[in-house]
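Peer 1: Below: one structure in structure tokens.
The values are calculated or read from the model by the stated rules, or taken from the named source; none is laboratory data. Worth saying up front: this structure is predicted, and the values here are computed from it rather than measured. Note: ideal-geometry Cβ built from the backbone for every residue, glycine included; neighbour counts use all protein chains shown. The area values use the complete protein model at the heavy-atom level, side chains included, leaving out ligands, DNA and RNA. Shrake-Rupley method; radii C 1.70, N 1.55, O 1.52, S 1.80 Å.
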Amino acid sequence: MEVTQEAKGLLKSLTRKNGRAYTLKDNKDRFLFPKEYMDFENCLKERQKFSVIFLINTGARINEAINVKVSDVDFESKRIVLRKTKTKSKKGEKKGKIRIIPISTQFSKYLKKELRGKDPEDYLGILSNPALNIAYKKAGKKAGIKDYWNISSHTFRKTLEVWLMSWGVSDLPLTAHIGHDIRTAASHYVSPNIFSYDDKQQMRLVIGDLYSQ
């Protein structure tokens with residue numbers, strides 16, 4: 001799908017060491033309001049929708065999500081183990097630290113239904129980032145999101161982080177869930193006052209009872 005000239009002007013072209021070009025989003029801190037997210041999700045195909053629902057409900061990085069196996073989901077305790085996480089070279093890590101994150105009752109039920117019949121060692125089936133990027137552009141444009149070219153897998157991670165902030169989730173559980181340190185979380189702070197009461201109610205329709213207790 002072609003990107004409009006307006007969109008192209010807001011994307012910075014870069015080149016990897018292997019010579020392949022890629023683009024840098026104009027706004028990496030872009031997050032979605034709940035109405036935007038709902039409209040966007042409704043424009044996705046079923047396989048695409050599964051991947052996006054997983055990302056918004058977990059806040060996982062795309063590489064973390066792709067590497068989750070069925071056995072990493074604990075339906076009874078409502079939590080997921082992220083085994084392949086980001087390596088933080090500044091901290092001298094050679095391997096990312098495993099994170100165990102909670103999930104909502106609603107998302108746990110959704111996953112149980114979607115993964116029924118799969119082998120415990122099967123991967124969940126999250127689509128690749130290139131495939132998702134194509135889907136994001138098509139769905140975003142169809143949903144009428146003005147800057148749809150800014151939507152990426154990181155958008156859903158950022159969206160969950162901002163929504164949790166708006167509910168008053170404190171620094172420690174927030175940073176443990178997202179995998180940031182407190183300084184990084186502080187630099188990403190967004191005032192909860194930008195969300196209305198209706199916004200916050202709609203958030204619950206998307207991510208259920210996560211951190212509601």
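Peer 1: I'm told residue 189 meets every condition in (1) under 17 Å from residue 80 (Cβ atoms); (2) modelled with pLDDT under 95; (3) in a loop (DSSP other than H, G, I, E, B) except one. Can you identify the failing condition by its number?
Peer 2: Result: residue 189 passes all but (1).
Peer 1: In addition: Report whether or not residue 80 is of a type in the set (A, V, I, L, M), open to solvent by less than 20 Å² (accessible area, probe 1.4 Å) and either in a helix (DSSP H, G or I) or in contact (Cβ under 8 Å) with a residue 24 or more places away in the chain (or both).
Peer 2: Criteria not met by residue 80.
Peer 1: Quick check on my filter: what residues within the stretch 150-177 are open to solvent by less than 10 Å² (accessible area, probe 1.4 Å), of a type in the set (A, V, I, L, M, F, W, C) and not in a loop (DSSP other than H, G, I, E, B)?
Peer 2: 156, 160, 162, 163, 164, 174, listed by residue number.
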